[in-house]
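In what follows, a structure is listed as structure tokens, so that the remarks can point back to it.
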Amino acid sequence: MSRQRFINLAKDFCTLARLEQHELLLQGYAVEVEGIDFHLEYDEDTAPDHLMVYCDFGEAPAERLAEAYAALLEANMVIYSQLAPTFMLAPDRRVALGYRYELAAMAPPLLLGLMVNLAQQAQQWRIDHFLAPETATP
């Protein structure tokens with residue numbers, strides 16, 4: 001039942017967002033919303049009632065890597081709860097935000113709204129990386 005719910009959500013989301021080939025979304029391929037990549041993950045065996053939404057925030061700045069990672073860890077601490085989003089590093093070392101949702105509560109308009117909101121946050125992060133501007137030292 002839950003697997004079919006996920007399939008229906010993916011199909012209806014792709015129709016709403018005017019994205020073709022919902023099959024690719026179901027296979028784990030990224031979809032682009034507002035210029036930002038998203039992945040959906042569903043695992044009927046380990047979390048049959050939940051959907052994971054991953055937003056690609058991009059690469060952390062190499063020249064301030066430690067500071068950027070510290071800012072992400074601080075953000076994780078501030079937003080921590082069982083169902084809160086979590087920043088993480090993807091295998092390719094890009095920063096991602098993972099969001100866990102109850103599948104039964106998710107609808108295509110809600111999913112699209114979430115992705116648009118996260119895309120705006122990712123675009124802002126790519127500008128400032130949650131970091132204050134560097135100050136020149138004399």
Q: State whether one or more residues within the range 101-118 are of a type in the set (D, E, K, R), without any contact (Cβ under 8 Å) to a residue 60 or more places away in the chain and surrounded by 12 or more Cβ atoms within 10 Å (Cβ to Cβ).
A: no
Q: Test PHE87 against the criterion of being touching a helix residue (DSSP H, G or I) at 6+ places or on another chain (Cβ under 8 Å) and in contact (Cβ under 8 Å) with a residue 60 or more places away in the chain, and give yes or no.
A: no
Q: Mind telling me which of the residues LEU72, LEU25, LEU112, LEU40 ends up being outside any loop (DSSP other than H, G, I, E, B) and under 16 Å from HIS129 (Cα atoms)?
A: LEU72
(Q) Suppose the filter is within 24 Å of GLU34 (Cα to Cα), assigned to a helix (DSSP H, G or I) and either of a type in the set (Phe, Trp, Tyr) or modelled with pLDDT of 90 or more (or both); does ALA96 pass it? (A) no
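The values are calculated or read from the model by the stated rules, or taken from the named source; none is laboratory data. Fair warning: this is a prediction, and the values are worked out from it, not measured in the lab. Glycine gets a Cβ as well: all are built from the backbone with ideal geometry, and neighbour counts include every protein chain shown.
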